[in-house]
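Participant: Have a look at this one before I ask anything.
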Amino acid sequence: MADTDLGFAYSHCETLVREGDPDRFWAALFAPADKRPHLLALYAFNFEVARIRDSVREALLGEMRLQWWRDALQGEARGDVRGNPVAAALDDTIVKFRLPRQALVDLIDARVFDLYDDTMPTLNDLEGYCGETSSSLIRLGAMILADGSDPGAADAAGHAGVAYALTGLLRAFPWHARRGQVYIPQDILASHGVVREDVVSGRGGPGLIAALADLRAVARRHLAQTRLLQGGIPSNVRPAFQPLALVEPYLRRMERRDYDPFLTPVEVPQWRKLLAFWRGW
């Protein structure tokens, strides 16, 4: 792909993330200008894969789209992969910073769960899902910021990704429930006497409120663990962790007296987000 075309690919990724994943877009602005397009290419890929469920009617079609991305990463896709602007920018970023392609394939594999209406079996399974998706993005983003070297801090990235992903899933709870998806682990639901039908039918009740509170506590534990490990995070890769600044504001929003988990997904005013980013995590 010519340089002008590659420039368009990165510009497309920036627009995609700014409109579709604004929290990560604003967080990326804290990265050095020369690394920012590459972070946004990574985030654009994540957004494209995450929204496949919304763009297909059948899970099989979603599986086919995920397979296209697997093939693109492994050099087996048919046609001009670089004709896809996100794939082009991602491939350029992978080569430039020597990113491990397997980590991205593992992210795709984890996203298969999104295509179906199965209940997440256990908290351990949910943390694994968050690790393969959100934590992986932080680790890869840190590699970009470290010019392709391994910056370490893998444990911190693991905890950070789980904290951020759990918070995102809690925010999106009403949206997922309406379309039959249940990310709240079965073992947590069962401990409070809640069944899947209570979630997807909007019945809720004290048991569901308690189950959601349990997950908020888990998110906070992972956030606290990240803070304990922050001394091992090199300063140049900290922008990869910047989205963590929004975890606590979102969680607090869910603890207001007027919080109804089945209403519109939890949001925080933009000015509060920007203030949280400036204060840091």
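The values are calculated or read from the model by the stated rules, or taken from the named source; none is laboratory data. Not measured: the values here are computed from a predicted model. Quick reminder, even Gly has a Cβ in these numbers, built from the backbone with ideal geometry, and neighbours come from all protein chains shown. What goes into the accessible areas is simple: the full protein's heavy atoms, side chains included, and nothing from ligands, DNA or RNA. Shrake-Rupley method; radii C 1.70, N 1.55, O 1.52, S 1.80 Å.
Participant: For the chain, with a Gaussian network of springs between Cα atoms less than 10 Å apart, report the residue from Ile209, Ile108, Ile52 with the top mean-square fluctuation.
Facilitator: So, out of Ile209, Ile108, Ile52, the one fluctuating most is Ile209.
Participant: Determine the relative contact order of segment 164-258: mean sequence separation of Cα pairs under 8 Å and six or more apart, normalised by residue count, in whole percent.
Facilitator: 34 percent
Participant: Grab the eigenvalues of the alpha-carbon gyration tensor for segment 133-281, scale each by 5, take roots, and send me the semi-axes largest first in whole angstrom.
Facilitator: Largest first, segment 133-281 gives 31, 16, 13 Å.
Participant: Given Pro151, Pro269, Gly62, which one lies farthest toward the positive end of the charge dipole of the chain, if we put +1 on the Cβ of every Lys and Arg and -1 on the Cβ of every Asp and Glu?
Facilitator: Pro269
Participant: Using Stokes-Einstein with the Kirkwood hydrodynamic radius over Cα pairs, what translational diffusion coefficient do you get for the chain at 37 °C and a viscosity of 0.692 mPa s, in µm²/s rounded to a whole number?
Facilitator: 170 µm²/s
Participant: Run the dipole for segment 128-254 about the Cα centre, Lys and Arg Cβ at +1, Asp and Glu Cβ at -1, nothing else charged, and hand back the magnitude in debye, nearest 20.
Facilitator: With Lys and Arg at +1 and Asp and Glu at -1, about 460 debye.
Participant: Separate question: Using the Kirkwood radius built from alpha carbon pairs, what does the Stokes-Einstein equation give as D for segment 80-178 at 10 °C and 1.306 mPa s, in µm² per second?
Facilitator: Answer from the Stokes-Einstein relation: 107 µm²/s.
Participant: Put a dot 7 Å past each Cα toward the Cβ at Phe8 and Ala50; how far apart are the dots in nm?
Facilitator: In this crude label model, Ala50 to Phe8 measures out at 2.7 nm.
Participant: About the Cα centre of the chain, how large is the charge dipole given +1 on each Lys and Arg Cβ and -1 on each Asp and Glu Cβ? Please answer in debye to the nearest 20. Walk me through the numbers before you get to the answer.
Facilitator: Working: 33 positive and 36 negative charges, 191 e Å.
It comes to approximately 920 debye.
Participant: Mind jotting down the three principal axis lengths of segment 65-117 based on Cα atoms? Whole angstrom, largest first.
Facilitator: 37, 23, 17
Participant: Set the Förster distance to 22 Å, then compute FRET efficiency between Arg178 and Leu61 from the Cβ-Cβ distance, nearest 0.05.
Facilitator: 0.60
Participant: Pull out the extension gain between Asn124 and Asp109, defined as 0.36 nm times the separation in residues minus the alpha carbon to alpha carbon distance; nm, one decimal.
Facilitator: 3.7 nm
Participant: Using 0.36 nm per residue of separation minus the Cα-Cα distance, give me the extension gain between Ala213 and Ser149 in nm, one decimal.
Facilitator: Working it through step by step, the gained length comes to 19.2 nm.
Participant: Normalising by the residue count of the chain, find the relative contact order in percent from Cα pairs under 8 Å and 6+ residues apart. Don't skip to the end; give the middle numbers.
Facilitator: Working: 365 pairs, mean separation 54.6, N = 281.
Reported as a whole number, the value is 19 percent.
Participant: Amide H neighbours of Val182 under 5 Å, counting only residues 5+ apart in sequence or on other chains, H built in-plane at 1.01 Å?
Facilitator: Those lying under 5 Å, H to H, from Val182 are Met120.
Participant: Here's a follow-up. I need the phi-derived Karplus couplings for segment 150-162: 6.51 cos²θ - 1.76 cosθ + 1.60, θ = phi - 60°, integer Hz, Gly and Pro marked x.
Facilitator: 7, x, x, 6, 5, 5, 5, 5, x, 5, 4, x, 5
Participant: So if I restrict to the alpha-carbon atoms in segment 45-137, what is the Rg, and what is Dmax, the biggest pairwise distance, in Å?
Facilitator: Considering segment 45-137 through its Cα atoms, Rg and Dmax are 13.6, 40 Å.
Participant: On to the next question. In nm, to one decimal, how far is the Tyr116 label point from the Leu274 one, both placed 7 Å along Cα→Cβ?
Facilitator: 4.4 nm
Participant: Moving on to the next point. Quick check: the angle from helix 206-228's long axis to the longest principal axis of the chain, C-alpha only, nearest 10 degrees?
Facilitator: It is inclined by approximately 40 degrees.
Participant: In segment 1-150, if the dipole is taken from +1 on Lys/Arg beta carbons and -1 on Asp/Glu beta carbons about the Cα centre, which of Asn46, Pro100, Ala33 is farthest to the positive end?
Facilitator: The one lying farthest along the dipole's positive direction is Ala33.
Participant: While we're looking at this one, here's another question. Each residue of segment 270-281 in order: what ³J(HN,Hα) in whole Hz does its phi give by Karplus 6.51 cos²θ - 1.76 cosθ + 1.60, θ = phi - 60°, with x for Gly and Pro?
Facilitator: Along segment 270-281, the couplings run 4, 5, 5, 4, 4, 5, 5, 5, 5, 6, x, 9 Hz.
Participant: So, with a 1.4 angstrom probe, what is the percent of accessible area on segment 37-100 that is carbon and sulfur?
Facilitator: The value for segment 37-100 is 49 percent carbon and sulfur by accessible area.
Participant: Hey, another quick one. Using +1 at the C-beta of Lys and Arg and -1 at the C-beta of Asp and Glu, which of Val237, Met254, Ala219 has the Cα lying farthest in the positive direction of the dipole of segment 202-281?
Facilitator: Val237
Participant: Quick check of the Kirkwood formula: for segment 185-245, what is the inverse mean of 1/r over all pairs of different Cα atoms, in Å? Please report the intermediate quantities before stating the final value.
Facilitator: Numbers: mean 1/r = 0.0725 Å⁻¹.
It is 13.8 Å.
Participant: Take segment 165-214, drop everything but the C-alpha atoms, weight them equally and run the Debye formula without solvent; then report log10 I(q)/I(0) at 0.15, 0.16, 0.17 Å⁻¹ to two decimals.
Facilitator: Once normalised to I(0) and log-transformed, intensities are -0.32, -0.36, -0.41.
Participant: Only four residue types carry charge here, +1 at the Cβ of Lys and Arg and -1 at the Cβ of Asp and Glu. Report the dipole size of segment 35-144 about the Cα centre in Debye, rounded to the nearest 20.
Facilitator: 640 debye
Participant: For the chain, what is the accessible area per residue in Å², given a 1.4 Å probe and the full set of protein chains? Each step should come with its number before you reach the end.
Facilitator: Working: 12810 Å² over 281 residues.
Counting only protein heavy atoms, the per-residue value for the chain is 46 Å².
Participant: Still on this structure: Once fully extended, how much extra length lies between Arg70 and Ser201, figured as 0.36 nm per residue of separation less the alpha-carbon to alpha-carbon distance?
Facilitator: So the extension gain works out to 43.7 nm.
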